[in-house]
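Colleague: First, the structure itself, so that you have it in front of you.
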Amino acid sequence: MENHRKKLLFVITQFFKGGAELSLLDLLNQLSPREFDIDFLVLNQVEVDGAISLVSKIPKWVRVLDLVAVEKEKGKAMTWNSQSEFCRGAAKALLENDRYHWAFHVGEWSSPRFVAQEVNAEYKACWIHQDLDKAEYFDKQEFLRYTDFYSYYIFVCQRSMNASLSIFPMLAQKAIVIHNVADKFRIKKLSAVALEKKDAELFIKPTIVTCANVRVQKNHVRQVQAMAELKKRGINFTWINVGSIADKIIVENVRREIKKYKLEESFLLLGAKENPYPYMANAKALAVLSDQESWSIVIMEALALSVPVIATPTSGALHQIQSGVNGLLTEDFTVLEIADTIEKFLLDTDLQNSIISNINQKSAKQKGLEEFITFVNAEHVKAKQSVLYLLDNVNYKGGARQATVSQIKSISDDFDITLLSGIKPEDQAYGLFENVKIASFPSAYYKRPYLTESTKHVLRGNYTISQKLVKMFFYALKLMKMNERAVQSLQSKDIHPFLETYDNIVVVSEASIYRDMVSKLSRPKKIQWIHTDYKRWRQYNDWTRSVTAEDGKLYSRYDNIVCVSEYCRQGFIDEHPNLEQKTLTIYNVVQDSSIMQRAKAKNHIRVDKKVPSLITLARLCDEKNHMGLLEIARKLKQLGLEFKWYFVGDGELRKSIEDAIIEMSLEDYIMIVGHLDNPYPLLAEMDLMVLFSLYEATPVTIDEALVLGVPVASKRLGGISEQIEHGKTGILIDGDEHEGYLAIKKILAEPEKLQNMKEHLVAGAINNKYKIQKLRNLFA
């Protein structure tokens, strides 16, 4: 009978007790000998004082190859040296010239040379357990020397992968995530240990448990404040904190807050416990309310014990918790939001039971285990087409970024997608592009730190003559507004080979400093996305005229130019008629189900239902024309109309707009909300959205408003007439602020017409199918 088991090899330098080693041991314990034939090669298991060997814990069906033990039996004492021909030859001899389906080099702390050069395997992978930008004992040069030998680089979570890609973007197409596996049996066994009587009595009332050392990022002070708010609401429960209280200053601050709110009997700091699992197992929920958290082991442990988790939306929790399914995520990090979420959980036994039931249903197999089995059994011969989205700054909050998020989510199952940012992403960007590989190429400034210093400091400081000359050169370029292109030139040598490895490259911004670099690539399909009314924008000011001056020549080297509306496409063709055959229209994909789901969150901004509510979602900058909106508001007020207008967004003109509101005495009519990570709960309560920009293409905010049943009043710009059906889903305005005033005055005076628009929107539906198919065709 033919053997269909996959033959796997794991190679590690040492196998002593540690996080990565325990995770690997847990994985081996849960794999089946009916499915896998496994060899486990340990290269350097020498005796180490205080270290606990895990070799004896490896399942008996796994063939363990301990090189040091084998050589010791031969009377040879040895220590592994990857550069030694003898050591590599001795290790290779143990494998008996076997051929493996998969060979894994485990650990970033040692050279991947042996698996790369000495192992016969169909596929090879490096298993990385730390963020490579922070990893100890990591030799960058040695590590990168063997990248061509490896098919994949495995990371234990999305955050770790993206942090590593921020310094090694060239690994993006080979990077995948397989989460750590926790030993549920060990955790459950320890959780069954009985608590001492005095601790068991703490659980008479409903109890929340936090397992976290008292440190700044864990923010125990905010937890105390949240409990004080819940006590004020009459919610009676106990909050137990298990973790180190070694940081005396922070602990004193926490205890001061406990005393301030008279919570000495309710909010308890128990200190560190050798076995925290009985406390977790007896809790109603585990609270992980940190300011920042990557992949949380304590969340894994809680879920292993079927304990629901209440967590703040850190990057790790966003990956681990599905709100309402295996726990609850707060919308933000505020005291009130945390209190609201805990109250919702404690008062809803049906919700508690539902979450526990969901956790139990998924408890048969862990995520990491499923991911590993799927990975080694998958067909890797034919890879998906690769797509690289190139953004100058992924942290910039704009409509183009939001449209790119929706687009990537809609095709992520069909293509191998990477996003490259010219600026290192912030946590918020990682959360926005969830489950997307995000890389950032170290800029010229990153590689030459002296460029970030002031010119005066460099010229007077301890720098070389050549460094001072380079700094003066960049200063001169800055004065001539050519600095960005000089930085691009310095980067080009490094980034060009990386870009050539992709099948498709999308430049997201029509003003990107990388457009010229992409145009010179030979292998990828080159695609420029136009997110604005190009014809109007091109003539907007001296800068836009300058940056687009060579576009006809530049885009002739591209394969496609994609516009987001037919109107915008025609405007582009008017400017560049020779590029008509390369230019096409793909409307923005609208994540309608996601928008509607997020709109169900609590709106923390009070809306006065007695008066009509207007909203404008736009960055506070010149082109969005908020001053024109204030002029409309002033005229409506003079007419005696009652209304409340919410400006959602932030930007460089905020102070000027605030001053103008005061000058026009509009404080009771206009409210500047600022930026909202989730504007949909507020948007859903509005009667009308107003957009009065100087130029637009097809604004994402209009699609979002229509999805939530909110009519839109907008200038007839760009492709907006292709989004709004005049008189049915909104109103289109031809003309200036006065025409806008007349149109909004009329619609506010006819509430029944506004209601008819809302009903029409409720009956309508967003159809993304055709847009997504065009995307697939473009990249295929």
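Just so you know, all these numbers are worked out from the coordinates, no wet-lab data involved. What you see is a predicted model; the values in this text were computed from it and never measured. So basically every Cβ, Gly included, is an ideal-geometry build from the backbone, and we count neighbours across all protein chains shown.
Colleague: Once the other residues with Cβ under 12 Å from the Cβ of Tyr123 are scored (Lys, Arg +1; Asp, Glu -1), what is the net sum?
Modeller: +3
Colleague: Please report the net charge: other residues with Cβ closer than 13 Å to the Cβ of His101, K and R +1, D and E -1.
Modeller: So the environment of His101 carries a net charge of -1.
Colleague: State which entries of Lys409/Lys769; Lys231/Lys260; Lys72/Lys124 exceed 19 angstrom in Cα-Cα distance in the structure shown.
Modeller: Lys72/Lys124
Colleague: From the C-alpha coordinates alone, can you work out the Kirkwood hydrodynamic radius of the stretch 1-131, in Å? List each step's numbers first, then the result.
Modeller: On the way: mean 1/r = 0.0656 Å⁻¹.
When all Cα pairs of the stretch 1-131 are included, the Kirkwood radius is 15.3 Å.
Colleague: With a cut-off of at most 16 other beta carbons within 10 Å, and DSSP calling the residue loop, which GluC sites (Glu not before Pro) in the stretch 245-319 qualify? Please list them.
Modeller: Details: sites: Glu252, Glu257, Glu264, Glu265, Glu274, Glu293, Glu301; in loops: Glu264, Glu265, Glu274, Glu293.
Qualifying residues, ordered by number: Glu264, Glu265, Glu274.
Colleague: Mind checking the angle between helix 19-30 and the chain's longest principal axis? C-alpha axes, 0 to 90 degrees, to the nearest 10.
Modeller: Once rounded, the angle reads 80 degrees.
Colleague: Divide by every residue of the chain the summed helix terms, -39500 (n - 2.57) for each DSSP H run of at least 4, and state the resulting mean residue ellipticity at 222 nm, rounded to the nearest 500 deg cm²/dmol.
Modeller: Value at 222 nm, helices only, nearest 500: -11500 deg cm²/dmol.
Colleague: Right, next: Please work out the Cα center distance from the stretch 252-319 to the stretch 544-563, rounded to the nearest Å.
Modeller: So the separation of the two Cα centres works out to 54 Å.
Colleague: Now, a different point. Angle between the Cα long axis of helix 220-232 and the longest principal axis of the chain, 0 to 90 degrees, nearest 10?
Modeller: 60
Colleague: Restrict the search to the stretch 56-139; then list the trypsin sites (Lys or Arg not before Pro) that DSSP places in a loop and that have at most 12 other Cβ atoms within 10 Å of their Cβ.
Modeller: In loop regions of the stretch 56-139 (DSSP not H, G, I, E or B), the sparsely surrounded trypsin sites (Lys or Arg not before Pro) are Lys60, Lys74, Lys76, Lys134.
Colleague: Order of Ser656, Ser160, Ser714 from fewest to most other C-beta atoms within 10 Å? Mind showing how you got there, number by number?
Modeller: Values: Ser656 13, Ser160 22, Ser714 26.
Arranged by neighbour count, lowest to highest, Ser656, Ser160, Ser714 become Ser656, Ser160, Ser714.
Colleague: I've got another one for you. Report the Cα centroid-to-centroid distance between the stretch 612-680 and the stretch 90-147 in angstrom, as an integer.
Modeller: For the stretch 612-680 versus the stretch 90-147, the Cα centre distance is 58 Å.
Colleague: In terms of the Cα gyration tensor, with a ≥ b ≥ c the square roots of its eigenvalues, is the stretch 569-668 rounded because a/c is under 1.5, prolate because a/b exceeds b/c, or oblate?
Modeller: Cα axes put the stretch 569-668 in the oblate bin.
Colleague: Dimensions of the stretch 171-272 along principal axes (Cα, Å, largest first)?
Modeller: So the three principal-axis extents are 54, 34, 30 Å.
Colleague: Going through the stretch 624-661, which GluC sites (Glu not before Pro) have at most 13 other Cβ atoms within 10 Å and a DSSP loop state?
Modeller: Passing sites in the stretch 624-661 are Glu642, Glu652.
Colleague: Could you compute Rg(Cα) / (2.2 N^0.38 Å) for the chain, with N its residue count?
Modeller: Scaled against compact globular proteins, the figure is 1.08.
Colleague: Pairs of Cα atoms under 8 Å, at least six residues apart: use those to get the relative contact order of the chain, whole percent. Don't skip to the answer; put the middle values down first.
Modeller: Details: 1316 pairs, mean separation 57.5, N = 780.
Averaging sequence separation for qualifying contacts and normalising by length gives 7 percent for the chain.
Colleague: Something else now. My understanding is that a pair violates if its Cα-Cα distance is over 26 Å; which of Lys644/Lys746; Lys600/Lys774; Lys609/Lys746; Lys218/Lys284; Lys189/Lys284 do that in this structure? If you can, show how the numbers build up before the last one.
Modeller: Values: Lys644/Lys746 16 Å; Lys600/Lys774 31 Å; Lys609/Lys746 20 Å; Lys218/Lys284 20 Å; Lys189/Lys284 19 Å.
The pairs that break the limit, which is 26 Å between Cα atoms, are Lys600/Lys774.
Colleague: Rounded, prolate or oblate: which fits the stretch 214-279 when a ≥ b ≥ c are the square roots of the eigenvalues of the alpha-carbon gyration tensor, with rounded for a/c under 1.5 and prolate only if a/b beats b/c?
Modeller: oblate
Colleague: Hey, another quick one. Pop a pseudo-label 7 angstrom from the Cα along the beta-carbon direction at both Asp291 and His738 and give the gap in nm to one decimal.
Modeller: About 5.3 nm, to one decimal.
Colleague: What list do you get for Leu369, Leu499 if you sort them by fewest beta carbons within 10 Å?
Modeller: Ascending Cβ contact count within 10 Å gives the list Leu369, Leu499.
Colleague: Could I ask something else about it? Charges only on Cβ, +1 for Lys and Arg, -1 for Asp and Glu: so what's the dipole of the chain about the Cα centre, in debye to the nearest 20?
Modeller: 900
Colleague: Once the Cα gyration tensor of the stretch 603-763 is found, what semi-axes does its equivalent ellipsoid get, as square roots of 5 times the eigenvalues, in whole Å, sorted largest first?
Modeller: Taking √(5λ) for each Cα gyration eigenvalue gives 21, 17, 17 Å.
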